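In what follows, a structure is listed as structure tokens, so that the remarks can point back to it.
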Amino acid sequence: MPAVIKSKKRSAAAMPAGEPTYPSPIYSPAIGKKALEALAPALDRLAEADLVTVRLDVEAATYAALGVAGFVSSPDVRARFALLPREEFDMTYLDELELVCFAALHALAEARAAGALTTTDARLPIEIISEATEIEGRMQALCEYHLSDDPAIRPELDRLRPGTGHRDLANDLLGYARIYELRADVVKDDRKLYRAGDAARARELAGVMVQRRSTAMTPKAREAYGRYVRVWTLLCRRYDEVRAAALWLWRRSARVQERFPSLFAAGRPNSGRPRKESESDRRRESDGGGSGRVAGGEEAVETPSPEGVEGSRS
């Protein structure tokens with residue numbers, strides 16, 4: 001077995017004296033492979049329409065989730081989750097969190113090795129990219145201006161905002177088209193940015209981009225990428241259930257957001273596709289107002305609980 005490499009984050013031993021410590025899950029390729037095999041039935045049951053777009057640093061997000069998995073596996077913490085009614089929280093989510101994290105890291109490594117994460121932007125005609133960028137920018141500006149305070153839409157806007165390439169551009173088009181559908185009554189009232197055909201055209205362009213990208217992949221790469229997306233979707237589902245329950249259980253703790261970080265916040269890219277100053281930006285000023293690369297190899301890694309997770313359980 002390869003030597004264990006510790007994460008750059010503080011380990012449990014480095015935490016201030018007096019704070020409780022929890023075992024850190026240790027990942028290795030062999031463990032990841034077994035986890036992926038064990039989850040195969042659950043992955044196969046996922047419907048295509050339910051798959052979650054990968055548009056952030058999955059590796060960083062997964063290690064954040066794995067740190068949380070170490071925390072919630074502690075007997076005292078687990079007992080707290082067990083107090084929740086069975087019809088409201090399935091303890092299986094807790095039991096499988098570490099397993100899904102291991103599977104995600106392995107699927108990521110397989111997708112990378114198969115070349116599934118290599119950009120294929122050069123194969124896209126400039127006409128498609130230009131039109132897609134124009135429509136995406138217009139739809140983004142409209143959504144940001146009118147819906148940034150909408151509690152149901154804001155998380156999706158945060159997810160869509162950091163783009164890193166044309167793969168993300170296709171995903172963004174689908175995301176904004178979906179928002180247009182959900183808030184049709186709001187977007188139609190905008191007289192400057194709204195175009196009646198933008199949502200439909202956004203879906204068409206996204207379909208063309210995805211089809212061309214898929215065609216450029218080898219069969220092995222397509223298979224690896226499909227498995228990677230399915231594992232990421234399952235991880236998002238399991239982690240979101242655990243996090244939602246935890247945010248309530250630890251609702252009186254000032255450090256609950258540190259203990260249970262959002263996967264999108266943990267995996268947010270440092271930089272995104274540049275966006276031109278939009279009409280929305282100019283309107284904000286006049287009014288006085290204001291997704292995912294991966295890196296690293298598949299070495300065995302000891303993952304500490306995230307900073308703040310090991311604090312008091314108030």
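Can you name the condition, by its number, that Lys276 falls short on among (1) basic (Lys, Arg); (2) within 26 Å of Leu124 (Cβ to Cβ); (3) assigned to a loop (DSSP other than H, G, I, E, B); (4) modelled with pLDDT of 75 or more?
(4)
Is it the case that segment 53-61 has a residue that's hydroxyl-bearing (Ser, Thr, Tyr) and surrounded by 23 or more Cβ atoms within 10 Å (Cβ to Cβ)?
No, segment 53-61 has no match at all.
On the basis of being charged (D, E, K, R), part of a helix (DSSP H, G or I) and within 20 Å of the chain's Cα centre (by Cα), does Glu258 make the cut? Write out each step before concluding.
Numbers: charged (D, E, K, R): yes; part of a helix (DSSP H, G or I): yes; within 20 Å of the chain's Cα centre (by Cα): yes.
In short, yes.
The values are calculated or read from the model by the stated rules, or taken from the named source; none is laboratory data. This is a predicted model, so every value here is computed, not measured. Note that we place each Cβ from the backbone using ideal geometry, even for glycine, and neighbour counts take in every protein chain shown.
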